[in-house]
Every structure is written in structure tokens, then in C-alpha cells.
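Working notes, structure below.
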Amino acid sequence: MNSKQYMELTEQNVLHTYNRFPVVFEKGSGVYLEDVDGKKYLDFGAGIAVFALGYGNETYNNALKNQIDKLIHTSNLYYNTTMPEAAAKIVKASGMDKVFFTNSGTESIEGAIKAARKYAYLRDGKADHEIIAMNHSFHGRSVGALSVTGNPHYQEAFKPLMGGVKFADFNDLESVKAQITEKTCAIILEPVQGEGGIYPAEPEFLQGVKKLCEEKDILLIFDEIQCGMGRTGSWFAWQQYGVEPDIMTCAKALGCGVPVGAFALNEKTARASLVPGDHGTTYGGNPFACAAVSVVFDLFESQKVIENVNKVAPYLEKKLDELVAKYDCLAARRGKGLMQGVVVSGRPVGGIVSKALENGLVVLSAGSDVLRFVPPLVITEADVDEMVKRLELSL
Ligand SMILES: *Cc1c(COP(=O)(O)O)cnc(C)c1O
């Protein structure tokens, strides 16, 4: 089939919930994707912050192949050989106490919400608890995760959503305070907002929220699905703020392409929340998914991936700042590590994204007016230079 036929067959049979760009990717190598016509694209999107290790990593691929031949799935009714290692690696990297594996980001959010509600229920026996979430946040598309997603446009047609959710402004401590009531059981936020437009939290904001949580025995949930797994220059973004969550969600780069997520609880929350019967999942943490998680952590260590983020990110920031200075249509840069956004003014960001694809560059948008750069974490300064070249052609 040629690319036109692939696209037509897709649209014929797949529910049209995405306005896809007219490109059919077939394979990948390193930081380049290749479409069915053999055209190569420098990938600064990484499948939306997923493919941190780049494509075709031999160790990663072999670990998955080996596990396929051994055992792909059993169920959570039994122990398996890859889950304990994968969980131990998340616990070690995060300092959290216990992990629950899921199949996606949104499912991790669901679990985090349930754990927080159960914790509050065990404390006061009531069943009317509230969660405070942030405006412009994104936590996923299932009804629970959508209910804490601060984007009315995504929510409107699907109401009534889960009750007991209040919204506050990100980086505005007073607005969070104003939403706290006797019923508040949790505050959920992304340390660096992703889909909303790449907004890093102010340190004082996170510290202030943590203090409020401690004073009122409210659980703090950090959504690290996009900003976690080394992307901002530490295993998890919150580690740079010195503000520990009670519950943390993870997905995207956790399996580097194998669909797997997790939520992790600190000791206090793990001890007094979900117990057998409260929560489950058929696939979550199966032998194949956990083999992926395990090898991802190993490769992050052996290939010094986080060191690379800290080495290349300042260079990417400098180059993006130069572009902002040079082009009138680029208004500002913000971000952390290899999670960067550039605000586009006076023209639609989608046009630049399309033009970049024509020029062999994958970049993403975020919010309504932000160009988003979330490349594989193994990029080099030469890759940044090449990206800039292709982006300038597209501006
Ligand atoms: C992508 C994302 C989600 C949802 O993850 P899915 O795997 O798409 O369900 C939730 N939170 C954040 C911050 C994300 O970036």
C-alpha cells in the first residue's frame, strides 16, 4: 500500500477522533522517524514524550523480544518475575513506598483519585470528599481523569462528570486556598503543565501547596506522566523542587513505547488506602510491560540519560531563545529540561507544525499557541542544530 491508501483505509475504519497529519510512519532509528515513502523526520515529539531512548535501541528491543518468548501475560492473581524488579526500580528512583501498575496515564490518574478518596474515607468515614485541580491542567480522557482536567472544552459534552472537583489557578496559592474546604481530600497538579502550554510550577507555589496539605491533612498528587522519567533533568520533576507528593502518577516514557503506567504512594498513603478488592486491572503490570519498565530504568543508568538531559537542555534553551529573539512570530520560551515550549503569536501554531513536517521535522503543539519540544532524551547538540535548521525553514 502507498501512503494515500494507508490513510484512506484508516479513515474508513477508525473512528475519526483525531485530525491526523498526512504522514504514515513506518519505522524509526535513533532520533529519526521514517515514513512509508522513505522520507526521514527528525523527531522532537517522541510520540508525545514517550520514546525517551530513541528508536531501535538494541538492548531495549532485545529485552522485549526475550520476554515475548518467555511469557507475555498472566494476570495479577499471580506473582511474576518482572514486576518485582520494575516496581523496585520505581521505588528507588522516586523514594515512594509502593507502586500500582496501569496501562496508561489516564488509568494512573484514576487510581490516584481512588487512593486519595479511600484515604480520606478511612480517616473520617465520610463519602463526599473534594479534590482541587488546576485550570489548564491535563490528566487524561477517562471520566475521572477528565473531571480533574481544567479544560472546559474537553469536558462540556460529557457532563455530568465526577462530582466534588474544584479548580484553582496554577501558580496562584491564594486561589488554591480559596477552594479548600473541610471536605478537601487531595490537590492534584502537574509540576510542569504539559498539554496546557508548558508551564513550570514556581517553587514557592509548590512549597506553599505542600504546606497547606500538611496543615490540613490533604493529600498532594503530582502528575508526572509527561514531566517525569528524566525529562526535566531529574527522575521526577518534583525532585528539583524538594517538594514530595503523597501520590505520584507516571506513564508516557515509563515503558518507552510499551503501554504502561503506574501510580506510586508514599508510606503514609500506602498504609491507609487501597486494599484487596478496592482496585484492579487485568493487564496492568503484566510480565511484558514490566520487562519494558525494567530495561528502561537500566538503560537510563547505563546510558547516563539524565546526565545527557542536563547537558543538552541548556543548549536547546539557548537556541530556542535565539529563535525567539530573531522571529516576530515567536513571543517567549518557557520550560524545564527537555520539555520546552515556545509561544507563537500572530499565526496559528498548527501551520508551523505542518510546515515542519514537510521539512522533515516532528514538533508538537500544546495549548492553543505553543510549539512544544519534547525530543527523545538521548539527543545531541548536533540534533538541536539540525532541528533549528529545519524549524527556521518552516517559520
Ligand atoms: C498524556 C498525559 C496524561 C494521559 O495519559 P494517557 O496515557 O494518554 O492516558 C495525563 N497527564 C498528563 C500530564 C499527560 O501528559
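The values are calculated or read from the model by the stated rules, or taken from the named source; none is laboratory data. Since the structure is predicted, the reported quantities are computational estimates derived from the model, not experimental observations. Cβ atoms come from the backbone with ideal geometry, glycine included; neighbour counts cover every protein chain shown.
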Inset, instruction - Identify all residues within the stretch 148-181 that are in contact with a strand residue (DSSP E or B) (Cβ under 8 Å, 6 or more places away or on another chain) and without any contact (Cβ under 8 Å) to a residue 24 or more places away in the chain; write none if there are none. - result: 149, 175, 178
Inset, instruction - State the number of residues belonging to the stretch 164-189 that are within 30 Å of residue 373 (Cβ to Cβ), more than 16 Å from the ligand (Cβ to nearest atom) and of a type in the set (A, V, I, L, M). - result: 3
Inset, instruction - Specify which of the listed residues (31, 36, 23) is closer than 29 Å to residue 249 by Cβ and among the aliphatic types (A, V, I, L, M). - result: 31
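Check whether at least one residue in the stretch 261-279 is within 16 Å of the ligand (Cβ to nearest atom) and assigned to a loop (DSSP other than H, G, I, E, B), and report yes or no.
For the stretch 261-279, residues within 16 Å of the ligand (Cβ to nearest atom) and assigned to a loop (DSSP other than H, G, I, E, B): absent.
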Legend entry - Flag if residue 89 is modelled with pLDDT of 95 or more, away from the ligand (no atom under 16 Å from the Cβ), within 30 Å of residue 240 (Cα to Cα) and in contact with a Phe, Trp or Tyr (Cβ under 8 Å, 6 or more places away or on another chain): yes
Legend entry - Lone unmet requirement of (1) over 16 Å from residue 296 (Cβ atoms); (2) surrounded by fewer than 13 Cβ atoms within 10 Å (Cβ to Cβ) for residue 23: (2)
Inset, instruction - Please report, ordered by residue number, the helices (runs of 4 or more DSSP H) entirely within the stretch 1-108 with at least 2 residues that are on the phi < 0 side of the Ramachandran plot and outside the structural domain of residue 289 (by TED's automatic domain parsing). - result: 3-13, 58-70
Inset, instruction - Could you tell me which numbered condition residue 51 fails, if it satisfies all but one of (1) in contact (Cβ under 8 Å) with a residue 60 or more places away in the chain; (2) touching a Leu at 6+ places or on another chain (Cβ under 7 Å); (3) of a type outside the set (D, E, K, R)? - result: (2)
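Results for (1) modelled with pLDDT of 95 or more; (2) within 16 Å of the ligand (Cβ to nearest atom); (3) not basic (Lys, Arg), shown as yes or no for each residue.
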residue	(1), (2), (3)
40	yes, no, no
75	yes, no, yes
79	yes, no, yes
100	yes, yes, yes
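Rundown of residues vs (1) of a type outside the set (Phe, Trp, Tyr); (2) at pLDDT below 95; (3) within 16 Å of the ligand (Cβ to nearest atom), yes/no style:
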residue: 150; (1), (2), (3): yes, no, yes
residue: 205; (1), (2), (3): no, no, no
residue: 232; (1), (2), (3): yes, no, yes
residue: 243; (1), (2), (3): yes, no, no
residue: 250; (1), (2), (3): yes, no, yes
Legend entry - Scope the stretch 333-389; condition hydroxyl-bearing (Ser, Thr, Tyr) and surrounded by fewer than 18 Cβ atoms within 10 Å (Cβ to Cβ); matching residues: 345, 354, 368, 380
Legend entry - Subset of the stretch 171-221 [at positive phi and either crowded, with 24+ Cβ neighbours inside 10 Å or part of a strand (DSSP E or B) (or both)]: 198
Inset, instruction - Could you list all residues from the stretch 116-129 that are away from the ligand (no atom under 16 Å from the Cβ) and part of a helix (DSSP H, G or I)? - result: 117, 118, 119, 120, 121, 122, 123, 124
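Output the number of residues of the stretch 102-115 satisfying the condition of being out of contact with any helix residue (DSSP H, G or I) (no Cβ under 7 Å at 6 or more places or on another chain) and either within 11 Å of the ligand (Cβ to nearest atom) or within 21 Å of residue 168 (Cβ to Cβ) (or both).
Selection size over the stretch 102-115: 5.
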Legend entry - Some residue of the stretch 190-202 being at pLDDT 95 or above, in contact with a helix residue (DSSP H, G or I) (Cβ under 8 Å, 6 or more places away or on another chain) and more than 13 Å from the ligand (Cβ to nearest atom): no
